[in-house]
Amino acid sequence: MLICAKFSRCTDNAVMIAMAGKNNFDRGVKSDLNLAPEPALNI
């Protein structure tokens, strides 16, 4: 089950991240949960 906050309750990048995740979820795209953060990536 996927629970999303109301759009009006989301701010800044949270909405973009949530929608990207929801779109992937709806398409059946899943992670194997072996992802690792990379905090030193250049923007």
| Residues in the range 15-24: is at least one part of a loop (DSSP other than H, G, I, E, B), surrounded by 10 or more Cβ atoms within 10 Å (Cβ to Cβ) and modelled with pLDDT under 85? | no
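Scan the range 25-43 for residues that are in a helix (DSSP H, G or I) and surrounded by fewer than 10 Cβ atoms within 10 Å (Cβ to Cβ) and jot them down.
Residues satisfying the conditions are D26, R27.
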| Inside the range 1-14, can you point out the residues that are of a type outside the set (F, W, Y) and surrounded by fewer than 10 Cβ atoms within 10 Å (Cβ to Cβ)? | M1, L2, I3, K6, S8, R9, T11, D12, N13
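The values are calculated or read from the model by the stated rules, or taken from the named source; none is laboratory data. None of the values given here were measured: they were computed from a predicted structure. Virtual Cβ from ideal backbone geometry, glycine too; neighbours counted across all protein chains shown.
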